[in-house]
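Undergrad: I have a structure here, written as structure tokens, and I will follow up with some questions on it.
The values are calculated or read from the model by the stated rules, or taken from the named source; none is laboratory data. Just so it is clear, the structure is predicted and the values come from calculations on it, not from any experiment. Note that each Cβ is placed from the backbone with ideal geometry, even for glycine, and that neighbours are counted across all protein chains shown. Just so you know, the surface numbers come from the protein's heavy atoms only, side chains and all, with ligands and any DNA or RNA stripped out. Shrake-Rupley method; radii C 1.70, N 1.55, O 1.52, S 1.80 Å.
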Amino acid sequence: MEKVNMGRTMVGRGLAMAVILVIGLVACQPTETPSGPVNLRLGYFPNLTHATAIMGIEDGILAEALGSDVELAPQLFTAGPEVVEAIFSGALDASYIGPNPAINAFIRSASDGGAIRIVSGATSGGASLVVRDGIDGPEDLAGARLGSPQLGNTQDVALRAWLADQGYETDLEGGGEVEILPQGNSQSLEAFVAGDLDGAWLPEPWVTRMVDEAGGHVLVDERDLWPDGQFVTTHLIVATAFLEAHPDVVKRLLEGHVAATEAVNADPAHAQEVVAAAIADLSGTEVAVGLLASAWDKMTFTVDPIASSLTTSAENAVELGLLDSADLEGIYDLSLLNEVLAEAGASPIPEP
């Protein structure tokens, strides 16, 4: 124990005895852990397919549902693999994200029970292959250069799988009969305008921007490739450790998520204004409300995660050499979502 240089005086001994007495009294008291707000670090993207997240954050719907004892800390991302690494490093608790990065995160950590759980759906649809004039069918794509948001992301896998169905060979290094150049959505738009890309498979609002601003046309609307036009584009995941430690917080997050979904669907005009302003602020790129209105009709905002489409995406990724396994058993935990739906008098989502 460090000694205080006060000399051997009665005052010094008195102070020492006082300190010992205080320590003894404190040691006899029950241990109390200081309580404070739970910090919920929530990821999302400045994409139209993340409209529910943007609406929930910007209109305060999520914060209100979480309550004063939870501090919401939104964190902006531009690609799913970045989210996965943030979760693995312990820097993120939950996120809105596309299906394939969520699959990657679960498969990579499957031996430890899976680092993430999908707790709700968010968006279906809103992704397409846009191409230049002169490309009117799959047969016109030989030798083409096409963009995707990032290697292994949701649209990248969709593009590669579709090209394989058309008989084209591609590789993960950008070679093959059709070249695929993974890059940011804004970069794909710029390269398309410059004539350096023949097209790209992108999410909204980039699809509509490539059509309206760059003169492209939609060759493949991804809705046409799925039963009833429904496939997951965005869902809500939570780090398994956070879910196990704070199920009450996750339930409140889901209450806010359900409320934000209802708000987006109940007043699309207001939601489009909110989302347009947020995307402009977050990305530095103005998005006309009219453009969003056009893109809005290509999406469905739903809490149903459309699990069957996730299985197909995983199988496609395995065939393309992007995944080693398509075993997704345990990736979903919809129990809290179904509690929220039941309390709201809504029908539950069947557990996959």
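Undergrad: Does segment 274-324 hold any residues that are within 16 Å of residue 47 (Cβ to Cβ), among the acidic types (Asp, Glu) and not in a helix (DSSP H, G or I), and which are they?
TA: The answer is 286, and nothing else.
Undergrad: Now a separate question. Which is of a type outside the set (Gly, Ala, Ser) and under 21 Å from residue 306 (Cα atoms), of 87, 107?
TA: Within the list 87, 107, the selection yields 107.
Undergrad: Quick one: in segment 36-80, which of the residues that are of a type in the set (Gly, Ala, Ser) and surrounded by fewer than 17 Cβ atoms within 10 Å (Cβ to Cβ) is farthest from residue 279 (Cα to Cα)?
TA: Selected residue: 36.
Undergrad: Could you identify the single residue in 120, 148, 128, 111 that is in contact with a Pro (Cβ under 9 Å, 6 or more places away or on another chain) and without any contact (Cβ under 8 Å) to a residue 60 or more places away in the chain?
TA: Sole residue among the options that is in contact with a Pro (Cβ under 9 Å, 6 or more places away or on another chain) and without any contact (Cβ under 8 Å) to a residue 60 or more places away in the chain: 148.
Undergrad: While we're here: Going residue by residue through segment 92-109, is there one that turns out to be of a type in the set (D, E, K, R) and surrounded by fewer than 24 Cβ atoms within 10 Å (Cβ to Cβ)?
TA: Among the residues of segment 92-109, at least one is of a type in the set (D, E, K, R) and surrounded by fewer than 24 Cβ atoms within 10 Å (Cβ to Cβ), which makes the answer yes.
To keep it simple, each residue is scored yes or no on (1) out of contact with any helix residue (DSSP H, G or I) (no Cβ under 9 Å at 6 or more places or on another chain); (2) open to solvent by 20 Å² or more (accessible area, probe 1.4 Å); (3) over 19 Å from residue 79 (Cβ atoms).
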residue: 178; (1), (2), (3): no, no, yes
residue: 190; (1), (2), (3): yes, yes, no
residue: 193; (1), (2), (3): no, yes, yes
residue: 199; (1), (2), (3): no, no, yes
residue: 214; (1), (2), (3): no, yes, yes
residue: 225; (1), (2), (3): no, yes, yes
residue: 245; (1), (2), (3): yes, yes, yes
